[in-house]
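Read through the structure below, which is laid out as structure tokens, and then see the notes.
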Amino acid sequence: MTNSREAGPNRQYDVLIAGGGPAGLGAAVTLGRSLRTVLVVDAGEQRNRPAEAAHNVLGREGTAPTDLLAAGRAEAAGYGAEMFEGTVLSAERISGGFTLSLSSGETVGACRVLLATGAVDELPAIEGLAAGWGRTVLHCPYCHGWEVRGRRIGVVATSPMAEHQALLFRQLSEHVTVFDHESVLGAQARERLTAMDVPIVDGRVDRVLTDGERVRSVRIAGAAYEVDAVAVATRVHARGELFQTLGGRVSDHPFGTYIETDATGRTAVDGVWAAGNARDPMAMVGAAAASGVAAGAAINADLVDEAVRRAVGAEPRVEKCRVQE
């Protein structure tokens, strides 16, 4: 990504969006269409970048993630949003907004901040998993299940949710095997899986063998089980460093961390919103983009409300979100 215009020292924006994935770009389009000045700061580390295609995206089904983002950046830029390649290193609250330091060494001001920083998948420490991640090492049957329908699918069980995951993949293939890596399957789960003709192999997985990026087999105690794909649950951690810098705290969920918000994406930190996987680890591309749109609309409404309060004298007039000189 190239900078559409240099974010020079002391530039002012209505909204700074940290993260240029579907959520951040969805918000940028929404805010741009309301004539807001927007800076999108993006490091190019989208969660789905390893995947060959994005799915369940209405009208863009099967589009490569990089192509989808390129189209989104063009749409946002068409409404005046500026793009900056890099990261936000630090942020400080000032009168009416925030001062933010970019990885380029430049400083910008913003009245509001939207965190669309996404999340990171933490894979189990099994040799070979990372090599096929996003292609034939999968976690979501809705994101990638169609592509492995009818194939031999191995589900590596690392939590009780493995039963649910295995049954969803069983809908797509008659050849599903569960490897109880962490000994997490109880009697009821075993009964349900067996009833659906899903065999269970006990024992810790030594490694997953791949041929380049494609899975070939799962190894347990020297025995090889041939598979065409592996499904595994990850721990999903919100990229919450900037939120913590702004005074927030990430919250725990059973499988990782997230930034807690209300229905519009507003966080507990005044002037800060969050959207996409940063606030909802389960959100697919379409849902992440929709949460960005909703957050963008809420931020615009909040800025309008603030302008009205100042106009009627309900709060002091301050110079608009000026960075410190």
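The values are calculated or read from the model by the stated rules, or taken from the named source; none is laboratory data. Note that this is a predicted model, so its numbers are computed, not measured. Reconstructed Cβ throughout: ideal geometry from the backbone, glycine too, with neighbour counts over all protein chains shown. Remember, those area values only see protein heavy atoms, side chains included, never the ligands or the DNA or RNA. Shrake-Rupley method; radii C 1.70, N 1.55, O 1.52, S 1.80 Å.
If you check Gly154, Gly150 for being open to solvent by 10 Å² or more (accessible area, probe 1.4 Å) and out of contact with any helix residue (DSSP H, G or I) (no Cβ under 6 Å at 6 or more places or on another chain), only one passes: Gly150. Note on segment 235-251: residues that are aromatic (Phe, Trp, Tyr) and over 14 Å from Trp273 (Cα atoms) total 0. The selection criterion, being farther than 30 Å from Glu45 by Cα, more than 22 Å from the chain's Cα centre (by Cα) and not charged (D, E, K, R), does not hold for Ala157. Elements of the type strands (runs of 3 or more DSSP E) sitting completely within segment 1-120 and holding at least 1 residues that are under 27 Å from Ala283 (Cα atoms) and either out of contact with any Ser or Thr (no Cβ under 6 Å at 6 or more places or on another chain) or free of Cβ contacts under 8 Å to residues at least 40 places away in the same chain (or both): these cover 11-18, 38-42, 82-85, 88-94, 107-115.
Of the listed requirements (1) at pLDDT 95 or above; (2) over 30 Å from Val137 (Cα atoms); (3) open to solvent by 20 Å² or more (accessible area, probe 1.4 Å); (4) out of contact with any helix residue (DSSP H, G or I) (no Cβ under 9 Å at 6 or more places or on another chain), Glu85 misses just one: (2). Against the list (1) at pLDDT below 95; (2) closer than 26 Å to Ala278 by Cα, the condition Asp262 fails is (1).
Here Leu138 meets the list (1) touching a residue at least 60 places away in the same chain (Cβ under 8 Å); (2) over 21 Å from the mean Cα position of the chain (by Cα); (3) closer than 30 Å to Thr210 by Cα almost entirely, failing just condition (2).
Does segment 223-240 contain any residue that is small (Gly, Ala, Ser), open to solvent by less than 90 Å² (accessible area, probe 1.4 Å) and more than 30 Å from Arg47 (Cα to Cα)? The answer is yes; a qualifying residue exists.
Scanning segment 121-172 for residues that are part of a loop (DSSP other than H, G, I, E, B), among the charged types (D, E, K, R) and closer than 13 Å to Asn48 by Cα yields one hit, Arg135.
Taken as a whole, segment 127-135 holds no residue that is farther than 12 Å from Leu185 by Cα, buried (at least 22 other Cβ atoms within 10 Å of the Cβ), modelled with pLDDT of 95 or more and not β-branched (Val, Ile, Thr). One residue stands out in segment 219-247 among those that are outside any strand (DSSP E or B), hydrophobic (A, V, I, L, M, F, W, C) and under 23 Å from Glu147 (Cα atoms): the one that is nearest to the chain's Cα centre (by Cα), namely Ala233. Of the residues making up segment 199-213, those that are open to solvent by less than 90 Å² (accessible area, probe 1.4 Å) and under 31 Å from the mean Cα position of the chain (by Cα) number 7.
Restricting attention to segment 248-269 and to residues that are over 28 Å from Val215 (Cβ atoms) and in contact (Cβ under 8 Å) with a residue 40 or more places away in the chain, the residue that is farthest from the chain's Cα centre (by Cα) turns out to be Thr267. Restricting attention to segment 248-303, the residues that are open to solvent by less than 60 Å² (accessible area, probe 1.4 Å), outside any strand (DSSP E or B) and farther than 30 Å from Gly145 by Cβ total 13. Check whether at least one residue in segment 88-99 is at pLDDT 95 or above and open to solvent by less than 10 Å² (accessible area, probe 1.4 Å), and report yes or no. Checked segment 88-99: at least one residue is at pLDDT 95 or above and open to solvent by less than 10 Å² (accessible area, probe 1.4 Å).
Scanning segment 124-140 for residues being charged (D, E, K, R) and farther than 11 Å from Val230 by Cβ gives a total of 1.
Evaluation of Leu35 against the conditions (1) buried (at least 21 other Cβ atoms within 10 Å of the Cβ); (2) aliphatic (A, V, I, L, M); (3) on the phi > 0 side of the Ramachandran plot shows that the sole unmet condition is (1). Taken over segment 1-51, the criterion of being under 18 Å from Leu303 (Cα atoms) and modelled with pLDDT under 95 is satisfied by Gln12 alone.
Yes/no matrix, rows are residues, columns are (1) surrounded by 16 or more Cβ atoms within 10 Å (Cβ to Cβ); (2) among the hydroxyl-bearing types (Ser, Thr, Tyr); (3) farther than 30 Å from Leu246 by Cβ:
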residue	(1), (2), (3)
Ala51	yes, no, yes
Val57	yes, no, yes
Asp67	no, no, yes
Gly72	yes, no, no
Ala76	yes, no, no
Ala81	yes, no, no
Arg112	yes, no, no
Thr117	yes, yes, no
Asp121	yes, no, no
